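Single-structure report; data block below.
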């Protein structure tokens, strides 16, 4: 099983006629994602990779039937309107790939998603991938690479770093660890599905046995995960790594979502709370696969 995406979810691409839209649509199609069509205002009637292009999301839904997911590749100032249009048409999951989306736009997307019973990943995300099933966004770069690098299994991965999402999933797979779903939650301070929300979805997934987190300084996402473990909401083993150990207070590390403000979002605070809650926290990135293997062996021994 997987979370958020599988072979049966029907997908459209907003911004499909742009360079990124066309390139990533090919990746998704080649990997096996059920992409049915795309939307670019003023380009209705065209085709991209054999898929019909529509002027509006509503037109796409009327012609293609129920759509589950929209992957959005439009300029950052247009992301809000694209997401709201998708939700208005009944789509319940949007993947917001662009970065530099204004934070007030993200707040409006949050509000509308909550009102419509929808969710979104990102902004500023590579997307997500369920090995052997489907990919949304741009993870893996090419379908052949994604198929070779990421193996299916029972470990869920959630990461705040785009580049490290792929690297982490690659090294876990290379160590013989299969993955259920890999998610880059997005690099901004405010995202649709942060670590706590993703971890809860993995908790509910019967085929995810272990959760691996690539965390960073800034925001309180990892502290909130620690609270979920401590209060018993999350009972599955969690392996965590926090990036930014050497960063100083008041500095920015990597991207906008990784900023230390006073005593909030520090490396020490995140590590301390996760360890106290019972998570398996490693200090070096390269220790993640071996720590995950140890957890999986312990689970097998108990069963």
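The values are calculated or read from the model by the stated rules, or taken from the named source; none is laboratory data. Since the model is a prediction, treat every value here as computed from it, not as a measurement. So basically every Cβ, Gly included, is an ideal-geometry build from the backbone, and we count neighbours across all protein chains shown.
So which residues in segment 81-95 are under 22 Å from residue 162 (Cα atoms) and touching a helix residue (DSSP H, G or I) at 6+ places or on another chain (Cβ under 6 Å)?
Residues satisfying the conditions are 83, 94.
Restricted to segment 49-80, and to residues that are over 17 Å from residue 18 (Cα atoms) and under 25 Å from the mean Cα position of the chain (by Cα), which residue is surrounded by the most Cβ atoms within 10 Å (Cβ to Cβ)?
Top of the filtered list is 60.
Of the residues 216, 207, 223, which single one is over 16 Å from residue 164 (Cβ atoms) and without any contact (Cβ under 8 Å) to a residue 60 or more places away in the chain?
Every option except 223 fails the conditions.
Output the residues belonging to segment 206-233 that are buried (at least 19 other Cβ atoms within 10 Å of the Cβ) and closer than 20 Å to residue 300 by Cβ.
Selection gives 208, 209, 210, 211, 212.
Name the one entry in 243, 232, 250 that is farther than 26 Å from residue 173 by Cβ and at pLDDT below 95.
250
Tell me, please, whether a residue that is crowded, with 23+ Cβ neighbours inside 10 Å, part of a loop (DSSP other than H, G, I, E, B), in the same structural domain as residue 26 (by TED's automatic domain parsing) and touching a helix residue (DSSP H, G or I) at 6+ places or on another chain (Cβ under 9 Å) can be found in segment 96-114.
Within segment 96-114, one or more residues are crowded, with 23+ Cβ neighbours inside 10 Å, part of a loop (DSSP other than H, G, I, E, B), in the same structural domain as residue 26 (by TED's automatic domain parsing) and touching a helix residue (DSSP H, G or I) at 6+ places or on another chain (Cβ under 9 Å).
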